[in-house]
Each structure stands twice: as structure tokens, then as C-alpha cells.
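This report concerns only the one structure given below.
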Amino acid sequence: MQKVRVGLLGVSWWTEVVWPGFSIAENAEITWVAARNGEKARDFAEKNGIGRWTDNYLELMGAPDVDAVFVGVPNYLHEEMALAALAKGKHVLQEKPMALTVEKAIAQKRIADHRGLVLMVDQELRLADGVRDLPDMIESRIGPLRKVVIGLTLAPSHWEGWRADPKLCGGTLFEMVIHELDLARWLWKRDPLKILAMGDDVPGKDLTILLDFGHGDSALIDVCWRSIGFRIRAECYGERGYILREAELPFGAGKQTIVTADGREESGFEASVQGQATFKRVLETFCESILSGCAAPISSDDGVWAVRMAQAARESLRTGHAADLSGVIKPI
Ligand SMILES: NC(=O)c1ccc[n+]([C@@H]2O[C@H](COP(=O)([O-])OP(=O)(O)OC[C@H]3O[C@@H](n4cnc5c(N)ncnc54)[C@H](OP(=O)(O)O)[C@@H]3O)[C@@H](O)[C@H]2O)c1
């Protein structure tokens, strides 16, 4: 099988989460790893059998045995890293958020399109165990969809380092809730018209977001830092019933309830949302898009829209009014 040669930019706890899946992707070979701290890069390379390591990101991006990079560095560096890699002709698997402003996200997308390179964003819920089958389940079991409610509990209630600085991470909206914003748009299969947000976009403070998809269709995203655990819950209400899915993050057990109009109730479900299978699928999907030329299922357009929703929610928090997205000219 043809393999895409991938270089990892950054080594951290998050690299350890994605590595078990990345390392077994059948159409990828991880050829390089780079970290600001060269010892970390060397240790990670030696431990995992990666041939080359460096403390110089540009050296990795320029290497002839790298076709694509994974951007696993802090949020405020995403744009810079992606632009540098695209300039070297490398495909990019970008961590979320794609950038810290819509304009910067659009600029990345335009350059990738212009150069004919794949730019996919790691908003992995779309490909995650326990989540990826939801659109099909909604359609076949309870559809059409009528309402989505997404709950997120986050603990511990403080962030450190660059995450503690909203200018560097983008606040909770860009660092965390961007996943749930993307999930809501993906489940509704269309763009929201308005966003209303209440609460605070800072770690430790609760946040509620309402997305209006028109025709009475909406999604509610509720973020609570004052409860227990790190957990996502999706409630999908349809004309013929409802599906509740809940998972402990990153690897905990999932739960499901399906109730249909005929009174039947089912439960039982297993999923590790951020487990090995999810990240194997993420890297394989990215590489498949490079090898086949087919559009990536979490495209740069999706990345731009996720940033647009986060930015609009922030605007709504500032003004106290709903932010209007209906007049958005799509950069697509
Ligand atoms: N998709 C998801 O669900 C998910 C979940 C968690 C995290 N993430 C994303 O993963 C990425 C990494 O997060 P993290 O917490 O793992 O980050 P991190 O530990 O702070 O840093 C990751 C890497 O970036 C390097 N780095 C830090 N600051 C730098 C700078 N100023 N210049 C150059 N390199 C720098 C670090 O350097 P050293 O080598 O010196 O340590 C390390 O190699 C973020 O984009 C985050 O949003 C995604």
C-alpha cells in the first residue's frame, strides 16, 4: 500500500494521546518528529521507532521524506506552522482551532487550495468512535432531526501555561467548545444563521450557546465547569424519537439510550471517543484524501466555519446580542 510520509510538529501529552492511533495508520509512515525541546523529540523518536528527529520545525518541513505534517503545537502557532508547511509544499493535518481569527483561517484555506494541498482540521468528533455514526443513526432511527442539545463538563477548573492566556489559546470557545460548535453544524448538515452566547469565555466559568439553524431548528451547547469529570453528552431529538449519547473523555466508557415513538427503549453502547481507533481513522482519512485526491471529511471549509462560529459566539458575549451569520459570504 502506498504510504504518506508524515512529520509530527510538537511533542506533548497530546502527542501521546494521538500516537497509538497514528502509529498504526495503514497508509501513513511517521518519518520525522520535531519539538522545540530537542531532547523531547529525540526521546519520543527513540521510544517509538521514528527515524529522524529535530529541534527545528523548518528542518522537518523541508525534509524530502516528509509529504505531510501534523501541527501539534499551541493554538497561537497553528497559523504560522501551517503557512510555513504549505509554503514547502506539504499537506497539513492541523490541530483545532485552525486559527485564532476567521481571516487567518481563510488565508490558510486559500493558500492550501491554491497549491492543491490537503488541509484537514483535527476536529476529531466527526470521525470518533461513539460519534461518527450519529448522522446515520438519526436518519434511520429517529429522524428527521428536530433539536440538538450538547453538554460538556470540564474539570479540573483551571488551565495553565499558554491555555491560561486567552490571547494565546483563544479562550474556552476556541480551545474547547470549537469541537461542540463543529459537532452541532455537522449534525444539522448546514450553516447556522445566528449565534447567541451567555456566560464567560474563560476557564472555570460556565458558558451557554444557542445556534439558530432557521425554520425553528436549533442546537444548544451548555458548558459546565462546576460539576465533576470531563464528559460530553449529545441529545439528538427527532420526529420519531431521541438518541442520548454520553462519554467520559478522553477514553472512558460511553453510554447510549434510544427511545422511539413505538415506545421501545434500548441502551448499551461502548466507545472510546479519543481512543486508538479514532486517531487511526483521523490519520488514515487525511492520508486517503492526499492519495486519492478526494475532499477531506473535515475540510478546511469546516475548519473556517468552526472558527467563524467561535468568533461569532465571542462577539455575542461582548454585545449581549445574537451574532448574525446569515449574510456570511462563504469562502468556499
Ligand atoms: N483535538 C483535540 O481534542 C485536542 C485535545 C488536546 C490538545 N489539542 C491540541 O494539541 C495542541 C498541543 O497542545 P499541548 O497541550 O499538547 O501543547 P504543549 O504541550 O504546550 O506544546 C506542544 C509542543 O509545542 C511546543 N511549543 C510550545 N510553545 C512553543 C513555542 N513558543 N514555539 C515553538 N514550539 C512551542 C512544545 O515545546 P517543547 O518541546 O519545548 O515542550 C511541544 O513540543 C494544541 O493545538 C491543542 O489545541 C487538541
Residue within the stretch 179-196 that is part of a strand (DSSP E or B) and basic (Lys, Arg) present: yes
Test: residue in the stretch 232-247 that is within 24 Å of residue 121 (Cα to Cα), crowded, with 20+ Cβ neighbours inside 10 Å, among the charged types (D, E, K, R) and touching a strand residue (DSSP E or B) at 6+ places or on another chain (Cβ under 6 Å): yes
Residue count, the stretch 202-229 (criterion: modelled with pLDDT of 95 or more and in contact with a helix residue (DSSP H, G or I) (Cβ under 8 Å, 6 or more places away or on another chain)): 8
Selection from the stretch 81-103 of residues that are among the basic types (Lys, Arg) and either more than 14 Å from the ligand (Cβ to nearest atom) or modelled with pLDDT under 95 (or both): 88, 90
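Which one is nearest to the chain's Cα centre (by Cα) among residues in the stretch 255-298 that are among the polar types (S, T, N, Q) and closer than 15 Å to residue 137 by Cα?
Quick first cut of the stretch 255-298, residues among the polar types (S, T, N, Q) only: 256-257, 260, 267, 272, 274, 276, 278, 285, 289, 292.
Subsequent filtering for residues that are closer than 15 Å to residue 137 by Cα retains 256-257, 260, 267.
Numbers: 256: 22, 257: 25, 260: 30, 267: 27 Å.
Only one residue tops the list, namely 256.
In this structure, does residue 194 turn out to be within 16 Å of the ligand (Cβ to nearest atom) and farther than 18 Å from residue 123 by Cα? Spell out the reasoning first.
Working: within 16 Å of the ligand (Cβ to nearest atom): no; farther than 18 Å from residue 123 by Cα: yes.
No, not satisfied.
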Those residues of the stretch 164-182 which are within 12 Å of the ligand (Cβ to nearest atom) and among the hydrophobic types (A, V, I, L, M, F, W, C), in sequence order: 164, 168, 169, 174, 176, 177, 178
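If you scan the stretch 94-110, which residues turn out to be of a type in the set (A, V, I, L, M, F, W, C), out of contact with any Cys (no Cβ under 9 Å at 6 or more places or on another chain) and surrounded by 18 or more Cβ atoms within 10 Å (Cβ to Cβ)? Talk me through it step by step, then tell me what you get.
Step one: list which residues in the stretch 94-110 are of a type in the set (A, V, I, L, M, F, W, C), which gives 98-100, 102, 105-107.
Of the ones still in play, those that are also out of contact with any Cys (no Cβ under 9 Å at 6 or more places or on another chain) are 98-99, 102, 105-107.
98, 99, 102, 105, 106, listed by residue number.
Do any helices (runs of 4 or more DSSP H) entirely within the stretch 1-80 hold 3 or more residues that are near the ligand (Cβ under 9 Å from one of its atoms), and if so, which?
Values: elements: 13-22, 38-48, 57-62.
Filter on the stretch 1-80 gives 13-22, 38-48.
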Residue 130 vs. criteria assigned by TED's automatic domain parsing to the domain that holds residue 250 and not β-branched (Val, Ile, Thr): yes
Scan of the stretch 249-266 for residues that are crowded, with 17+ Cβ neighbours inside 10 Å and of a type in the set (D, E, K, R), ordered by number: 255
Neighbours by Cβ (under 8 Å, 6+ apart or cross-chain): first from the stretch 121-134, within 14 Å of the ligand (Cβ to nearest atom); second in a helix (DSSP H, G or I) and of a type in the set (S, T, N, Q): 121/300; 124/278; 127/278; 127/285; 128/278; 129/278
Every residue from the stretch 23-51 that is surrounded by 21 or more Cβ atoms within 10 Å (Cβ to Cβ) and in contact with a Phe, Trp or Tyr (Cβ under 6 Å, 6 or more places away or on another chain): 33, 34, 41, 45
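Here is a yes/no grid of residues against (1) at pLDDT below 95; (2) closer than 27 Å to residue 18 by Cβ:
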| residue | (1), (2) |
| --- | --- |
| 267 | yes, no |
| 289 | no, yes |
| 302 | no, yes |
| 309 | no, yes |
| 316 | no, no |
Index of the failed condition, residue 89 passing every other in (1) assigned to a loop (DSSP other than H, G, I, E, B); (2) out of contact with any strand residue (DSSP E or B) (no Cβ under 6 Å at 6 or more places or on another chain); (3) crowded, with 21+ Cβ neighbours inside 10 Å: (3)
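Out of curiosity, is residue 40 among the charged types (D, E, K, R), in contact with a Cys (Cβ under 8 Å, 6 or more places away or on another chain) and touching a residue at least 12 places away in the same chain (Cβ under 8 Å)? Walk me through it before giving the result.
On the way: among the charged types (D, E, K, R): yes; in contact with a Cys (Cβ under 8 Å, 6 or more places away or on another chain): no; touching a residue at least 12 places away in the same chain (Cβ under 8 Å): yes.
For residue 40, the condition - among the charged types (D, E, K, R), in contact with a Cys (Cβ under 8 Å, 6 or more places away or on another chain) and touching a residue at least 12 places away in the same chain (Cβ under 8 Å) - is not met.
With respect to residue 144, determine if the residue is more than 19 Å from residue 282 (Cβ to Cβ), within 16 Å of the ligand (Cβ to nearest atom) and modelled with pLDDT of 95 or more. Give the steps one after another, and end with the answer.
On the way: more than 19 Å from residue 282 (Cβ to Cβ): yes; within 16 Å of the ligand (Cβ to nearest atom): no; modelled with pLDDT of 95 or more: yes.
Judged against the criteria, residue 144 is not a match.
The values are calculated or read from the model by the stated rules, or taken from the named source; none is laboratory data. Remember, it's a predicted structure, so these values are computed and weren't measured experimentally. Please note: Cβ atoms are built from the backbone with ideal geometry, for glycine as well, and neighbour counts cover all protein chains shown.
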